[in-house]
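Trainee: Take a look at this one; I'll ask things after.
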Amino acid sequence: MISSFSDRRKHLVSAALAVLLLTGCSTPGNATTGFDTRVAPKAPPTSATELPIPSAPSAGLAPLAVTPSPPSAPEPGDVGVEGPLHAGTGTPTGTKRATSALWFNDGSWWGNLWDTASSDFHIFRFDAGTGSWVDTGVATETRASTHHDVLWDGSTLYVASYRFVNDGLPAEPGFPTAMRRYSYDSARKTYSLMDTTKVNDERVEALTIDKDSTGRVWATWQQGNRIYLNATGTDGRYWGKPFAHPASLSPEGLSNVSVDDTSAVIAFDGNKIGVMWSRQVGDALDGRYWSYHVDGTSDTDWTTPVAAVLGQNSGDDHINLKRLGSSGGRVFAAIKTSFTAASEPLIQLLALDSATATWSAHTIATVAECPNRMVVMIDESTQMLRTFATYPKPGGTTDAGVCTSTGGAIYEKSTPLDTIDFSTAPKTPRVVDADQYVHNVTSTKQNLNSATQGTANSGALVLADVNATSRYWHFYDSSVGSGGAGPAPTDTTVAPTPDAARPAW
């Protein structure tokens, strides 16, 4: 049973309502509608009135910055920090873990978070000194029921936002996906909207973006039981016509998938863009597939897909990709499987060997551990792979040890990059709400503590969601080069739910 609000949460909600009454729920700036339809080198996007465009801050004026109340004192059993309200939108950090909501720039962490007072998504800055989020007042999306993927390339912020469908439902036309680009003023430490363009016209389960070496931004998603892609011109702005991965036309149809499958895209090896997807159609070719495109070649010129893992139940629709820039072609994928036996892997780390172009699979956690919705992050200062996922809650908390798809607590498991082995890795609680379930952890596409990626001395930051109380929670580790693990609370894990009582994921 999920417990009700504690007294401290009632106090916070009352304070938030008081702010709403005093401000009149005003939104920053004046909103306009439609896409940027000026002439472009590629086919310009079709206009759509379903998609409001947040207005850019007025010239010469810094956007509104709202200083939140200090975080409330943790309750016994809490780990991490309770953050802002996100009442008014569901699953604000996304669900399938392919997407990212955070980025590191100019010595600070930033996030794309829902603002309850104005009922839209804003750019927030993380104040590491106080452990709190500061609303910059710059809006990124006015539609509540949207998920987002955020990319910071060192000079421009890209925010792709899309209406999402739940598991088992097909993509639905008439719901455009938008990509908004923002410039950054380092002197004023502010972001300004440059333009909004249309990626596709589909409501989908998951969509991700990344940028190749020529300046083109790529996107991928599942539509009509096929893996789809689209790309901008080298301006990184206007999108072409969406197309199915060419493997859908091959005799094997390896990119023809089920309605529950998803994909993710990543730039790697200096001049390539890769796409990975799950295939769960119920035959011998089910698995997790990988294909790549060489920058500068025809949009439809992709390599024949190879199976990173192969076999029925080896794939599922949860995936998170990272690359190690300093190593050339090394790519890592944290994935979920559909296995059900207690000793089988439920989440895995797939590693691409650039020299042999082959993938290896490493168990992060078994079915018996009941993990779900994972991300992988590369800490370059310590040469560690750090994985974060939802596991059953630790002992001494409400619903301790319960295995459920509703959530639990966020734990970390880490391993050295060059000797990947999670079998002896400690499982450390990072975000625990003693009263409620935490779920849907997210972070950044960037590697941590990487001078080449502009994240030197970044530490680590992950964001999660407590749906029952409509609250963000986070874990921040400021350590750099000292093992990357930060403070390690006592792991009071209890035995999870027996196999017979496990939920159908």
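The values are calculated or read from the model by the stated rules, or taken from the named source; none is laboratory data. Worth saying up front: this structure is predicted, and the values here are computed from it rather than measured. We place every Cβ from the backbone using ideal geometry, glycine too, and count neighbours over all the protein chains shown. SASA here: full protein model, heavy atoms, side chains in, ligands and nucleic acids out. Shrake-Rupley method; radii C 1.70, N 1.55, O 1.52, S 1.80 Å.
Trainee: I'd like to verify a number: residues in segment 177-192 that are touching an Asp or Glu at 6+ places or on another chain (Cβ under 9 Å), open to solvent by 10 Å² or more (accessible area, probe 1.4 Å) and more than 13 Å from ALA139 (Cβ to Cβ), how many?
Mentor: 4
Trainee: Okay, moving on. Of all residues being open to solvent by less than 40 Å² (accessible area, probe 1.4 Å) and without any contact (Cβ under 8 Å) to a residue 60 or more places away in the chain in segment 229-244, which is farthest from ALA334 (Cα to Cα)? Just the residue, please.
Mentor: Only one residue fits best here, namely PHE243.
Trainee: Among the numbered criteria (1) farther than 26 Å from ASP167 by Cβ; (2) in contact with a Ser or Thr (Cβ under 6 Å, 6 or more places away or on another chain); (3) part of a loop (DSSP other than H, G, I, E, B), which single criterion is violated by GLN453?
Mentor: (2)
Trainee: Kindly list, by first and then second residue, each pair from a residue in segment 425-453 that is over 16 Å from THR387 (Cβ atoms) and free of Cβ contacts under 8 Å to residues at least 12 places away in the same chain to a residue that is open to solvent by 10 Å² or more (accessible area, probe 1.4 Å) and among the hydroxyl-bearing types (Ser, Thr, Tyr), limited to pairs with Cβ atoms under 9 Å and residues at least 6 apart or on different chains.
Mentor: Between residues of segment 425-453 that are over 16 Å from THR387 (Cβ atoms) and free of Cβ contacts under 8 Å to residues at least 12 places away in the same chain and residues that are open to solvent by 10 Å² or more (accessible area, probe 1.4 Å) and among the hydroxyl-bearing types (Ser, Thr, Tyr), there is no close pair.
Trainee: Right, here's the next one. Identify all residues within segment 163-176 that are outside any loop (DSSP other than H, G, I, E, B), of a type outside the set (A, V, I, L, M, F, W, C) and surrounded by 13 or more Cβ atoms within 10 Å (Cβ to Cβ); write none if there are none.
Mentor: ARG163, GLU172, PRO176
Trainee: When you check ALA365 against the structure, is it modelled with pLDDT of 95 or more, out of contact with any strand residue (DSSP E or B) (no Cβ under 8 Å at 6 or more places or on another chain) and small (Gly, Ala, Ser), yes or no?
Mentor: no
Trainee: Yes or no: ASP421 outside any strand (DSSP E or B), free of Cβ contacts under 8 Å to residues at least 60 places away in the same chain and either open to solvent by 20 Å² or more (accessible area, probe 1.4 Å) or among the aliphatic types (A, V, I, L, M) (or both)?
Mentor: Details: outside any strand (DSSP E or B): yes; free of Cβ contacts under 8 Å to residues at least 60 places away in the same chain: yes; either open to solvent by 20 Å² or more (accessible area, probe 1.4 Å) or among the aliphatic types (A, V, I, L, M) (or both): yes.
Here the answer is yes, as ASP421 does meet what is asked.
Trainee: Here's a follow-up. Which of the residues that make up segment 168-196 are touching a Phe, Trp or Tyr at 6+ places or on another chain (Cβ under 9 Å) and farther than 28 Å from PHE126 by Cβ?
Mentor: ALA171, PHE175, PRO176
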